[in-house]
Protein chains: 2
Amino acid sequence: MDIGAPNTKTVLLLAAGELFADHGFDAVSTRMIADKAKVNLGGIHYHFGSKEALYVAAFKYVCENEERPGLAKLLNTQPELEKTPEGRAKAILMTCRNFLDDLFDPSKPDWKSRLILREISTPSSALPILVREVFTRDFAEDIELYQRLKPGASYDEAMIWQGMLKTQAIFYLMAKTPLEMMRGNKPLDQDFLDSLIRTVAKSMIMLVDLPVPEELR
Amino acid sequence: MDIGAPNTKTVLLLAAGELFADHGFDAVSTRMIADKAKVNLGGIHYHFGSKEALYVAAFKYVCENEERPGLAKLLNTQPELEKTPEGRAKAILMTCRNFLDDLFDPSKPDWKSRLILREISTPSSALPILVREVFTRDFAEDIELYQRLKPGASYDEAMIWQGMLKTQAIFYLMAKTPLEMMRGNKPLDQDFLDSLIRTVAKSMIMLVDLPVPEELR
DNA sequence: GTCTATAAACCGATAGAC
DNA sequence: GTCTATCGGTTTATAGAC
């Protein structure tokens, strides 16, 4: 979907997306959306037809505009990394760092990721968009890469390996509030994030029998 | 909460818990709950006072009655496993297997786990119960164990290590439907579960510098 | 404790003026 | 394309009979 200047439709998409991400579809009313977007209530049905159609449009917009570079993409732009075991290990570490730093960057709003998370846990009519735009598109390359790193590996094994980063990243994004409460309201700071990056990268590197970089020891 | 014979209150707790787990708090009406429990609508307010109080009661009931044995508990019942590196590695593998087999056992209803998952992703007034009964209680022992296995390790590192099993288990429980759709409606079968168990166990074992059991090679 | 009836508020959606 | 007013339905919660 191509969107130019911030018109009513775009404003509605973004306001609705953030509200749905924060509270869930059923907890958000069309009046809340109209208020947040500073748009008349009737505009929702004029532009989208229904609340559900607005949700699907917002979800589709987010999926198609989110770019979360995986390991395979990094290796495509820096092919020399794939030539040596040390380079491949470094590429895995860089991917973990890029992915998690980006996801937890406080200057970047995280509602788009959380909206996707909601569709994962409570699928709606937007589920095919999720599967097509996120699951299939984002996973496929890294699955193929794993099977290149470990010839003969099963699809399941490849799927689980490339999921180690994403599943854990998603959990800590999702569980931020209770985790911080558990830690006595100490926020998940950069130290925590560094530990997570190092642990995930190290385990993924060791699982494909690559040498662990010195900085992870 | 001690509950004897299946009285109205218990029936309501269980019916409400399952519905909330399946659809979320806002998507479930008190009429749906009363219908499922085959209880009169007024009974909800008579026994619990409000829909929100019923949710909190159901959540508390689930948290207090769920027993998910961790690694530390296994070692307490079989202390001889902790004596050798091979035994410690085996204990980690057994914990992963027990945890995941139990979570994905088709004969066991998984709505209790999914209800907890919902409170994690969308905290409500029941959040303190979640933190106290699940996060603090379930995590503490394994965190302490990790620091025994790796003296001098930081709290964050220990937290992330013991979370490797739980975070990934939770993701696959949560994402079952879209994952199966991505796999062309092929279910997450025992082969997939075995791959997950093996991969998670292997990475956790290697992270604490223990020897990888022969069966995981 | 269980039931019916209903109050009061809110919901998504629509009609029609501008 | 934006606005107001409102419809028909559902929601939680309650009052009161039994």
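The values are calculated or read from the model by the stated rules, or taken from the named source; none is laboratory data. Bear in mind the structure is a predicted one, so any value in this text is a computation, not a measurement. Here the Cβ is made from the backbone with ideal geometry for all residues, glycine too, and neighbour counts use every protein chain on show. The area values use the complete protein model at the heavy-atom level, side chains included, leaving out ligands, DNA and RNA. Shrake-Rupley method; radii C 1.70, N 1.55, O 1.52, S 1.80 Å.
Inspect all residues belonging to the stretch A:38-47 and state whether any of them is within 11 Å of DNA strand C (Cβ to nearest atom), surrounded by fewer than 20 Cβ atoms within 10 Å (Cβ to Cβ) and within 14 Å of another protein chain (Cβ to nearest Cβ). There is no residue in the stretch A:38-47 that is within 11 Å of DNA strand C (Cβ to nearest atom), surrounded by fewer than 20 Cβ atoms within 10 Å (Cβ to Cβ) and within 14 Å of another protein chain (Cβ to nearest Cβ). Using the structure shown, decide if A:Phe171 is within 12 Å of the chain's Cα centre (by Cα), surrounded by 15 or more Cβ atoms within 10 Å (Cβ to Cβ) and modelled with pLDDT under 95. Answer is no for this residue.
Restricting the search to the stretch A:27-60, which residues are over 14 Å from the mean Cα position of the chain (by Cα) and aromatic (Phe, Trp, Tyr)? A:Tyr46, A:Phe48, A:Tyr55, listed by residue number. Counting only residues that are among the basic types (Lys, Arg) and touching a helix residue (DSSP H, G or I) at 6+ places or on another chain (Cβ under 6 Å), the stretch A:115-167 holds 0 of them. Residues in the stretch B:145-162 that are facing chain A (nearest Cβ under 7 Å) and open to solvent by less than 40 Å² (accessible area, probe 1.4 Å): B:Asp156, B:Ile160, B:Trp161. Pairing residues of the stretch B:163-175 that are more than 8 Å from chain A (Cβ to nearest Cβ) with residues that are among the polar types (S, T, N, Q) and part of a helix (DSSP H, G or I), at Cβ distances under 8 Å and at least 6 apart in sequence or on separate chains, gives B:Leu165/B:Thr95; B:Leu173/B:Ser113.
Can you find a residue that is more than 16 Å from DNA strand D (Cβ to nearest atom) and open to solvent by 20 Å² or more (accessible area, probe 1.4 Å) anywhere in the stretch A:23-30? Break it down stepwise before answering.
Taking the stretch A:23-30 and keeping what is more than 16 Å from DNA strand D (Cβ to nearest atom), we get none.
Among the residues of the stretch A:23-30, not one is more than 16 Å from DNA strand D (Cβ to nearest atom) and open to solvent by 20 Å² or more (accessible area, probe 1.4 Å), which makes the answer no.
Checking the structure you have, find out if any residue of the stretch A:4-22 is within 16 Å of the chain's Cα centre (by Cα), open to solvent by less than 60 Å² (accessible area, probe 1.4 Å), touching a residue at least 40 places away in the same chain (Cβ under 8 Å) and assigned by TED's automatic domain parsing to the domain that holds A:Phe171. Within the stretch A:4-22 (the criterion being within 16 Å of the chain's Cα centre (by Cα), open to solvent by less than 60 Å² (accessible area, probe 1.4 Å), touching a residue at least 40 places away in the same chain (Cβ under 8 Å) and assigned by TED's automatic domain parsing to the domain that holds A:Phe171), the answer is no, since none of the residues qualifies.
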